[in-house]
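Below is one structure; the comments refer to it alone.
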Amino acid sequence: MALRSGVKLLLSRGFLHRRPVIRTLCVTHRSNAANVTTSRQTVSTSDLSSFSFRSHTCGELRPAHVGQEVTLCGWLQYQRHDLFLVLRDFQGLIQVVLPLDEQGSQLKEMMSGVPLESVLVVKGTVIPRPSGQENLKMATGAVEVQAKEVHVLNACRKLPFEIKDSVKKSESLRMQYRYLDLRSAQLQYNLRLRSTMVMRMREYLCNQHGFVDVETPTLFKRTPGGAKEFLVPTQEPGKFYSLPQSPQQFKQLLMVGGLDRYFQVARCYRDEGSRPDRQPEFTQVDIEMSFVDQLGIQRLVEGLLRYSWPEGKGTLPDPFPVMSYAEAMSSYGVDKPDTRFQMKITDVTAHLKALSLGFVQEALSKSQGCVKALRVPEGAIYLKGKALDSILQMCRDQCKQEVMVVTVRSDGSWRSPLGKNLTENLEKALAGDTGAKAEDLLLLAAGPHDAACTALGNLRLEVASRLEECGVPLRDPNTFHFLWVVDFPLFLPKEENPEELESAHHPFTAPHPDDIGLLYQNPAKVRGQHYDLILNGNEVGGGSIRIHNPELQRRVLQDIIKEDVNLLSHLLEALGSGAPPHGGIALGLDRLISTIVGAQSIRDVIAFPKSFRGHDLMSNAPDYVSAEDLQSYHIQVTPKQ
């Protein structure tokens, strides 16, 4: 009743009014049969107040609106001198001035006790600001609204923090009061950009390339491979659903079913515990196609990103550069290289193998032993003493790798633990291969190829962060370097038992056509038809051409990675029912958007994210369930042994 009477009050005062928002455009086009005239309705893209009792948003008023009567709704951002109000909504800010008359005095008296962040509706006239009082920092800074009526729709309680981007607050506090944090301009921008990009992706895939948007089940069964899954109990004793970590099997089954082109903005779930910048539930732009090869998927995704790319973020290359997994590891030490800055890893084994140094000879005696070098430009200026020691200690702790430091002094002389072994000829050879010059550092790692490269790859990123802290520009956040990494190993040794193999990505990835023979002779050497999409050193997508032959799929599962094929009998039966060749990709929407907007965490582009430990701090989920509720699921909580 209170809401109904409030609406009647707004109607009586003219706040709820209708204004035309639709215009009719007559379009004539020819068909094979006859000339056909149709009419279509188009909605103005700037109309953000349709179906609302406001006439305009706070952020859209400009000098062209001067003299117009407007109705605005929003939150009270600021008050000053008992004369000015600043009203805010999702689009921006507008200054409201209270008139200097008896009516204005009444409004001032009413507003004097209204807390900030209260919800108001204001009716008034748009007027120009006095000359010299324009606010160039506000999009609406050339005008203001002279209020005739102000109504408080909802007074605000005392809040735990101010709704200003400049106010620092802990992430836990932001997440506890997420509904308040969402009012910030930055989160508003992030979520609206995300929405716009997803809509453009839908247009590109469905309207331009014939993809079908299909929702796949959230309740599934446990299957082998990939990340750990959440279990969902049922009322059948001992039987559980599983939340799928991705729609992988479903989208393959859709290809078997002849859908040909599938697309979904898919919710995915992984019970991975506490992992930095990961979420137990996340979103993928999931894509699958029939009768396609690796190049076809790559070109599709490149076109998708160019079509949906935000304005003002630059242009994307055509095509995206491609790098093999082997090159990425050898030159950057990671399978997701950040190519915004150089600092490549260089092989200097040939120059050091003749030295009678114990650590060098020990490294070269091992399988794939080598010596790798990383040049740090101007590193001798910015990285010294404790700062350098901490970086080297990090490498020992995380990579179990010792690193030797060679310093090129400002006068061009070299200092290193190599002592007399560092001859003039060796200096010239190292400088020629690495480009080392005055005031640079050379970081040398000796050992098995993968171990040495991984250690220097981690150092490369850590050194870049340290140099940027010192004011050295390396990674421009306003540039976007996309890169395809291809030719990954199909299998990797298991950490707990290196004699056994597991899928490098998932067990449905097809082997590289050139390596089919190795699948039966030396599976560890087989490359997969897998491809990762990298943006500024972040993996934002991954996909593969799938195995569509049931016997090949059975061999991978049963003979190579030793999985129970009965758990995937439905998929094997489907593949034997006339499955077309197919492949696809999943773009990590959260990671993609966070990289585009330069967010510190993917939590800043998700409306209601979980904490580092996977908790919803706002609602206190997960929460306890009573023993009575658990009983129907045949579950009993017991103390951990």
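The values are calculated or read from the model by the stated rules, or taken from the named source; none is laboratory data. What you see is a predicted model, and the numbers here were worked out from it, not measured in a lab. Don't worry about glycine lacking a Cβ; one is built from the backbone with ideal geometry, like all the others, and counts go over all protein chains shown. Surface areas here come from the heavy atoms of the whole protein model, side chains and all, with no ligands, DNA or RNA. Shrake-Rupley method; radii C 1.70, N 1.55, O 1.52, S 1.80 Å.
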(message) Could you work out the relative contact order of region 395-463? I mean the mean sequence separation of Cα pairs under 8 Å and 6+ apart, divided by the number of residues, in percent.
(response) 39
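Return the Rg/Rh ratio of the chain with Cα-based radii and a Kirkwood Rh. Present the calculation step by step, with values, prior to reporting the outcome.
On the way: Rg = 31.0 Å, Rh = 29.8 Å.
Radius of gyration relative to Kirkwood radius: 1.04.
Might you tell me the accessible area per residue for region 467-565, computed with a 1.4 Å probe and given in Å²? Kindly include the intermediate steps, with their values, before the conclusion.
On the way: 4580 Å² over 99 residues.
Here the per-residue accessible area is 46 Å².
R0 = 51 Å: FRET efficiency of Glu134 with Ser390, Cβ-based, nearest 0.05? All intermediate terms of the calculation are to be shown ahead of the outcome.
On the way: r = 50 Å, r/R0 = 0.99.
So, using R0 = 51 Å, E works out to roughly 0.50.
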(message) Not counting ligands, DNA or RNA, and with a 1.4 Å probe, what is His615's accessible surface area in Å² rounded to the nearest 10?
(response) 80
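Local charge sum around Thr315 (other residues, Cβ-Cβ under 13 Å, Lys/Arg +1, Asp/Glu -1)?
On the way: positive: Arg306, Lys313; negative: Glu302, Glu311, Asp318.
That works out to -1.
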(request) Over region 494-633, calculate the relative contact order: mean separation of alpha carbon pairs under 8 Å at least 6 apart, over the residue count, as a percent. (result) 18
(message) Restricting to Cα pairs below 8 Å that are 6+ residues apart, what does the relative contact order work out to for the chain? Please round to a whole percent.
(response) 12
(message) I want to make sure I understand the PRE zone here: with the label point 7 angstrom from the Cα of Phe53 toward its beta carbon, which residues in region 114-129 have backbone N atoms less than 17 Å away?
(response) 119-124
(request) Could you order Tyr204, Tyr624, Tyr531, Tyr325 so the one with the most accessible surface comes first? Probe is 1.4 Å. (result) Tyr624, Tyr325, Tyr204, Tyr531
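What order do Arg270, Arg460 take when sorted by accessible area (1.4 Å probe), most exposed first? Write out the running numbers ahead of the final one.
Numbers: Arg270 65, Arg460 0 Å².
Result of the area sort, largest leading: Arg270, Arg460.
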(message) Within the chain, what whole-number % of the accessible surface is contributed by carbon and sulfur, with the 1.4 Å probe and all protein chains included in the calculation?
(response) 51
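Highest first, please rank the peptides 488-499, 326-337 by the mean number of other Cβ atoms sitting within 10 Å of their residues. Write down the numbers at each step before the final one.
Details: 488-499: 14.3, 326-337: 19.8.
Ranking the peptides 488-499, 326-337 by packing returns 326-337, 488-499.
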(request) Calculate how steeply helix 424-434 sits against the longest principal axis of the alpha-carbon atoms of the chain, using the helix alpha-carbon long axis, and give the answer as 0 to 90 degrees to the nearest 10. (result) 40
(request) Ignoring everything but the protein chains, give the 1.4 Å probe accessible area of Cys399 in square angstrom, nearest 10. (result) 30
(request) Could you work out the local net charge near Gln252, counting Lys and Arg as +1, Asp and Glu as -1, over the other residues with Cβ closer than 10 Å to its Cβ? (result) +1
(message) How tilted is helix 449-469 with respect to the longest principal axis of the chain? Cα atoms for both, answer in degrees (0 to 90, nearest 10).
(response) 40
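Select from region 158-206 those trypsin sites (Lys or Arg not before Pro) which occupy a DSSP coil region and have at most 13 other Cβ atoms within 10 Å, ordered by residue number. Please list the in-between numbers first.
Working: sites: Lys158, Lys164, Lys168, Lys169, Arg174, Arg178, Arg183, Arg192, Arg194, Arg200, Arg202; in loops: Lys158, Lys164, Lys168, Lys169, Arg183.
Answer in residue order: Lys158, Lys164, Lys168.
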(request) Would you mind computing, in nm to one decimal, how far apart the modelled labels at Leu182 and Asp318 are, each placed 7 Å from Cα along Cα→Cβ? (result) 3.8
(request) Mind checking which lysines have their Cα closer than 22 Å to the Cα of Lys372? Skip sequence neighbours fewer than 8 apart in that chain. (result) Lys336, Lys344, Lys353, Lys384, Lys400, Lys420, Lys428, Lys437
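Counting Lys and Arg as +1 and Asp and Glu as -1, what is the net charge of the other residues whose Cβ lies under 14 Å from the Cβ of Thr196?
Taking every Cβ under 14 Å from that of Thr196, the sum is +3.
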(request) Give the accessible surface of region 334-428 per residue, rounded to a whole number of Å², with probe radius 1.4 Å and ligands, DNA and RNA excluded. (result) 55
(request) Give the angle, between 0 and 90 degrees and rounded to the nearest 10, that separates the Cα long axis of helix 2-12 from the longest principal axis of the Cα atoms of the chain. (result) 60
(message) Could you put His209, His506 in order of accessible surface area, largest first, with the 1.4 Å probe and the full protein assembly present?
(response) His209, His506
(message) For the pair Arg475/Gln600, report the inter-label distance in nm, with labels modelled 7 Å from Cα in the Cβ direction.
(response) 1.5
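Tell me the mean residue ellipticity at 222 nm calculated for the chain from its helices only (DSSP H runs of n ≥ 4, each -39500 (n - 2.57), averaged over every residue, nearest 500). Don't skip to the answer; put the middle values down first.
Numbers: 19 runs with 174 residues, N = 641.
Value at 222 nm, helices only: -7500 deg cm²/dmol.
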(request) Note down the accessible area of Val625, probe 1.4 Å, to the nearest 10 Å². (result) 80
